[in-house]
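A short worksheet on the structure shown next.
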Amino acid sequence: MAAAGGDGEKSGCRWVDAARYAAAAVVTLLIAVVIVKAIKVVLRPEPLQLWVAGGSVSAVAIIPPPPTEMVKLGLSIWAQNPSDRVRMYFLNITAYLFDKNTSAAASTDPTYDSMIYFPAKDIVAVQLEGLESVLQMNAKKSNIPDYFQLLYNGGSMSDVTLRLDGNLITEVTSEVNKTRRATYYCEQLLVGGDANDKTVKNKQKAICKQRQGT
């Protein structure tokens, strides 16, 4: 009988030990989950924010003797880094302008589908700070044949989309950077028109939406 009682006590101890091990495993798992989430927060901070000032692209006629007439296109892009931990870089940027009849998001060949495209300046945004990047291009009729005369004569285009393709780099530490392909879409832009017109003056900034590559 004594031996049977001893076996019962040992069995009870095994159950207690098993419960302790299970509890320890759960605690370890929870700690691991918290660590993983913390790493994700560091590696995936809030995205770089971009917008087009005034929601518009200026178009000014340059009038030398024909056939070298040109239209000077200009816009101001603002970038804001919302993170207080990491720097962000948007590099090797190509800017494309799409008219309202062509989907910038659906285009797999933006150099062909866009109205015009041109390189943009690299953006380096330090923690919790914003900066302005001014883009300008002198466009000939051959660069933008379908719309050149309209813009050259002071006309305007509405519902234009600016697409920005580039490499978005997040500085995780001083030695480790996370790089991914990213695309921003800045929609409902006004191109051209009179800068003194109320439609242009009262237009709000156009916030750009981001789509990240894989």
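Please treat every number below as a calculation from the coordinates, not as lab data. Every value quoted in this text rests on a predicted model; they were computed, and no experiment measured them. Counting neighbours? That spans all protein chains shown, and the Cβs are built from the backbone with ideal geometry, glycine included.
What the phi angles of the range 149-156 give under the Karplus curve with 6.51, -1.76 and 1.60, with θ = phi - 60°, is a coupling list of 5, 4, 6, 4, 8, x, x, 9 Hz, glycine and proline written as x.
Using the Karplus relation 6.51 cos²θ - 1.76 cosθ + 1.60 with θ = phi - 60°, the per-residue 3J(HN,Hα) values for the range 194-199 come to 8, 4, 8, 6, 4, 4 Hz, with x marking Gly and Pro. Computed over Cα pairs, the Kirkwood radius of the range 46-212 leads via Stokes-Einstein (1.002 mPa s, 20 °C) to a diffusion coefficient of 129 µm² per second.
3J(HN,Hα) along the range 50-67, derived from phi through the Karplus expression 6.51 cos²θ - 1.76 cosθ + 1.60 where θ = phi - 60°, amounts to 10, 8, 9, 4, x, x, 8, 10, 6, 9, 10, 6, 9, 10, x, x, x, x Hz, with x in place of Gly and Pro.
Of the peptides 61-67, 46-52, 204-210, the ranking by mean beta-carbon count within 10 Å, highest at the top, reads 46-52, 204-210, 61-67. Amide hydrogen proximity for Ile93: with H placed 1.01 Å from N in the peptide plane, the residues at 5 or more positions away or on another chain lying under 5 Å are Ala120.
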